[in-house]
Amino acid sequence: MALVLLGVAPLGGENQRSSAAEPVPALSPFVDVHAHLEPADPAHSVQAALRAMTVENAAKIVFMPPPFTADDPARYDAEIILAAAKGQDKLAVLGGGGTLNAMIQQSARTGDAGPEIRRKFKERAEELLRLGAVGFGELTAEHFQGVTPYQSAPPDHPLFLLLADIAAEHGVPIDLHMEALPQPIPLPAPMKSPPNPPQLRANIAAFERLLDHNPRARIIWAHAGWDNTGYRTPGLCRRLLQAHPNLYMDVKIDPLKPGKNSPLANGAGGAIKPEWLQLFQDFPDRFVVGTDQHYPEPLPGPQRWEAVVLLLNQLPDGLRQKMAMENAERIYAHKLDATPH
Ligand SMILES: [Zn+2]
Ligand SMILES: [Zn+2]
């Protein structure tokens, strides 16, 4: 549960920056491992991102398609991002949101995870890496309705286990969006049903089976700090990080929709909460920054990257270096250094 901390003075005092105020850049360069673009005009998105990086003090941005279902007419995958990012050494690309995730969701629905589906899945995963993707994302095991429809698949589904094996074999990570559900619960407010189901299935035990399935597979559980169920507490994150050395987390803070467990006080505009700082300090090698920023930047209002930078800028120097740069370089096995093909 979110802890309201009395006596912690919010930095700046308000979480909406006025249009006159300049955004504050990161104190040291950072890698943003989770961002999205506008598929109708990827080239324009890339230009917007490159301009923003100077303002943010971002060294690298990893773009990925969101997790799509098979019948979504808006579905796209890494190809259009790779084409737009061609030759840009500050950008990298994950793939699979538009195809591998769609196959997982479909297989979870039909119950068919037979040899033919597995063969096609593996072929597509390896094709994405050949094309220049540096890992797999954005996949989902539990995703509320947003730009994409409600999606749910067991995190230990045979195709997720297969993807862990492929990721381990090729030394690339998986970026997984999964609302935290230690037990079955009714849909929490303010989510609405429909379009989301009235009851949600548990997923944490199955997630732990995925993590244990192949300890060489590096799995980034996306959006730490942006919790829509109330269960993604620092306590749950701590227990899972302790139990599973191949688990990593990227930190997202949405100033317009901070969720139920923001690491920052005052919604998403204040001081870092002590229980989150302690978690980062106790697992300094396991957190990275994944803003979930969209480019071009949506207007109006403060951007997601600004809230994450507000957190980074409050960290002690050594910890900030790790969360901002070193961890991402290690998790991506220095593939972020390579220019997309
Ligand atoms: Zn997500
Ligand atoms: Zn995302």
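Nothing in this text is a laboratory measurement; each read-out follows from the coordinates by a stated rule. No experiment lies behind these values; they were computed from the predicted model shown. Cβ: placed from backbone, ideal geometry, glycine included. Neighbour counts: every protein chain shown.
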Exercise. Looking only at region 150-180, which residues have a backbone nitrogen under 16 Å from a spot 7 Å from the Cα of Arg130 in the C-beta direction?
Worked result: 170
Seminar exercise, completed: Where a ≥ b ≥ c are root eigenvalues of the Cα gyration tensor, a/c under 1.5 meaning rounded, otherwise prolate if a/b exceeds b/c and oblate otherwise, region 30-331 counts as rounded
Exercise. Counting alpha carbon pairs within less than 8 Å and at least 6 residues apart, what relative contact order, in whole percent, applies to region 48-193?
Worked result: 23
Problem set entry | Computed [θ] at 222 nm, helices only, for the chain once each DSSP H run of length n ≥ 4 contributes -39500 (n - 2.57) | -9500 deg cm²/dmol
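Which entries in Lys86/Lys122; Lys60/Lys335; Lys60/Lys86 show an alpha-carbon gap greater than 20 Å? Mind showing how you got there, number by number?
Numbers: Lys86/Lys122 25 Å; Lys60/Lys335 12 Å; Lys60/Lys86 14 Å.
Lys86/Lys122, as the Cα separations exceed 20 Å there.
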Seminar exercise, completed: Taking the alpha-carbon centre of each part, the distance from region 200-226 to region 152-192 in Å is 6
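Could you tell me what percent of the DSSP beta bridges with both partners in region 30-331 are antiparallel, to the nearest 5? Mind dumping the intermediate values first?
Values: 5 of 32 bridges.
The antiparallel proportion sits near 15 percent.
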Exercise. Given a cut-off of under 8 Å on Cα pairs at least six residues apart, what relative contact order in percent is computed for the chain?
Worked result: 23
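For Asn57 and Arg109, calculate 0.36 nm times their separation in residues minus their Cα-Cα distance, and state this gained length in nm to one decimal.
14.4 nm
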Exercise. Dipole of the chain (Lys/Arg Cβ +1, Asp/Glu Cβ -1, origin at the Cα centre): which of Leu163, Pro300, Ile204 lies farthest to the positive side?
Worked result: Ile204
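What is region 157-225's relative contact order, in percent, from Cα pairs under 8 angstrom and six or more apart in sequence? Numbers along the way, then the final one.
On the way: 78 pairs, mean separation 32.2, N = 69.
In percent, rounded to a whole number, it is 47.
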For this session: Would you list, by chain and number, the aspartates and glutamates whose Cα falls below 16 Å from the Cα of Lys252, excluding same-chain residues fewer than 8 positions away?
Result: Asp32, Glu56, Glu138, Asp175, Glu179, Asp227, Asp292, Glu297, Glu306
Seminar exercise, completed: Note to self: C-alpha centroids of region 48-76 and region 249-325 sit apart, in Å, by 18
For this session: Taking amide H positions as placed in the peptide plane 1.01 Å from N, state which residues far from Glu138 in sequence (5 or more) or on other chains have amide H under 5 Å from it.
Result: Gly97
Exercise. Once label points are set 7 Å from the Cα along Cα→Cβ at both Leu256 and Arg119, what is their separation, rounded to one decimal in nm?
Worked result: 4.6
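Using unit Cβ charges (K, R positive; D, E negative) and no other charged atoms, how large, in debye to the nearest 20, is the dipole of region 30-331 about its Cα centre? Write down the numbers at each step before the final one.
Working: 29 positive and 35 negative charges, 79 e Å.
Magnitude of the dipole: close to 380 debye.
Using the Cα centre as the reference, give the magnitude of the dipole from point charges on the C-beta atoms of region 245-336 (Lys, Arg: +1; Asp, Glu: -1; all else neutral), rounded to the nearest 20 debye. Please report the intermediate quantities before stating the final value.
Values: 10 positive and 11 negative charges, 29 e Å.
About 140 debye.
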